Every structure is written in structure tokens, then in C-alpha cells.
1. Filter the stretch 1-35 for residues that are crowded, with 18+ Cβ neighbours inside 10 Å and farther than 21 Å from D105 by Cα and give the result.
2. Among the listed residues V125, V80, identify the single one that is touching a Phe, Trp or Tyr at 6+ places or on another chain (Cβ under 8 Å), in contact (Cβ under 8 Å) with a residue 24 or more places away in the chain and either buried (at least 19 other Cβ atoms within 10 Å of the Cβ) or part of a loop (DSSP other than H, G, I, E, B) (or both).
3. Identify the residue in the stretch 102-122 that is part of a strand (DSSP E or B) and polar (S, T, N, Q) and, among all such residues, is most open to solvent (accessible area, probe 1.4 Å).
4. Would you confirm, using the coordinates I've provided, whether E59 is out of contact with any helix residue (DSSP H, G or I) (no Cβ under 7 Å at 6 or more places or on another chain), touching a residue at least 40 places away in the same chain (Cβ under 8 Å) and acidic (D, E)?
5. Go through (1) under 30 Å from H5 (Cβ atoms); (2) open to solvent by less than 30 Å² (accessible area, probe 1.4 Å); (3) of a type outside the set (V, I, T); (4) outside any helix (DSSP H, G or I) one by one and return the number of the condition G69 breaks.
6. Please go through the stretch 38-88 and give me each residue that is out of contact with any Gly (no Cβ under 7 Å at 6 or more places or on another chain), over 30 Å from P133 (Cα atoms) and of a type in the set (S, T, Y), ordered by number.
7. Please name all residue pairs, on different chains or six or more residues apart, with Cβ atoms under 7 Å, provided the first residue is in the stretch 1-15 and is at negative phi and charged (D, E, K, R) and the second residue is surrounded by 10 or more Cβ atoms within 10 Å (Cβ to Cβ) and in a loop (DSSP other than H, G, I, E, B).
Amino acid sequence: MSAVHLVRSDALAAAPYAYASRVEPGAELIFLAGACPLADDGSTVAVGDVAGQARRCVENMLVALDAAGAGIADVASTRVLVASSERRDLVAAWEVVRAAFGEHDVPSTLMGVAALGYEDQLVEVEVVAAVRPG
């Protein structure tokens, strides 16, 4: 069982994510570096393809979570950054990330930004997770 509990409110508009998460007292927080769309050799994958880059970000995020002793159900919040001012690009990235989380619809922020750090990078996914000490 996860140390993360999703919080919902009927007083807010329906959304495809929880509006908040609560972490149990004593849980250890895990702050992942932004998951980037990088291949094992460090090159950017799916150049020009927002959804393809989002998929690789999710794959890399899962590897980093596992390395930290956590899984997707331990994620307390996400931030999805998309280097675009086009809403369709933000939605394309969001749909991939949202699908990866399934029933664990954590609070999330989706943002269009001017640029990201790697050449040809369009998407980055930031994650905070929490696990019980052990």
C-alpha cells in the first residue's frame, strides 16, 4: 500500500486528476530529476514528436522511480513541461503521461515553456513520490 493518498473534492470542477495528494507522516519523499526523452546513449529520441518524447520520458521516469525504490503508485505529483505554445502539443504529451498513470491520477501541472535543456527536446516530466521507510 502506498504512502500517497489522493484527495478529491466535489466542490471543484471535475478533472482527469486528483486535486491534491497527502503523504503519510514519516514517509520518505523522493524528488526525481526531470525525466527527459533520452536514449541510453544520451541522444534525444522521437525528434519532433511530442507524444513519442512523452513516452520515452515516462519510460525513463519509471526506471528512476524503480532505482529509488518506488513505483508509479508512490507518485504524489507531477509536472509535465512541453516546449510549445500550441495547446495541441500540451494535450498530446498529457494524454501519454495520463495514460501511464492509469487509476493513479495524481495531481499534475501541465505547462508550455519556451525551451528545454537538451537539443531537440520537447517534453520533460518532473515527479515527487513518497514511500514508507524500510
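The values are calculated or read from the model by the stated rules, or taken from the named source; none is laboratory data. Everything numeric in this text was worked out from a predicted model, so none of it was measured. For neighbour counting, all protein chains shown are included, and Cβ atoms are generated from backbone atoms with ideal geometry for every residue, glycine included. In case anyone asks, the SASA skips ligands and DNA or RNA and just uses the protein heavy atoms, side chains included. Shrake-Rupley method; radii C 1.70, N 1.55, O 1.52, S 1.80 Å.
1. Within the stretch 1-35, no residue meets the criteria.
2. Details: V125 fails: touching a Phe, Trp or Tyr at 6+ places or on another chain (Cβ under 8 Å).
Answer to the selection: V80.
3. Initial filter on the stretch 102-122 (part of a strand (DSSP E or B)): 108-112.
If we keep only those that are polar (S, T, N, Q) as well, we get 108-109.
Values: S108: 26, T109: 67 Å².
This residue is T109.
4. Working: out of contact with any helix residue (DSSP H, G or I) (no Cβ under 7 Å at 6 or more places or on another chain): yes; touching a residue at least 40 places away in the same chain (Cβ under 8 Å): no; acidic (D, E): yes.
The answer is no for E59.
5. (2)
6. S43, T44
7. That search, which allows pairs on different chains as well, returns R8/A18; R8/Y19.
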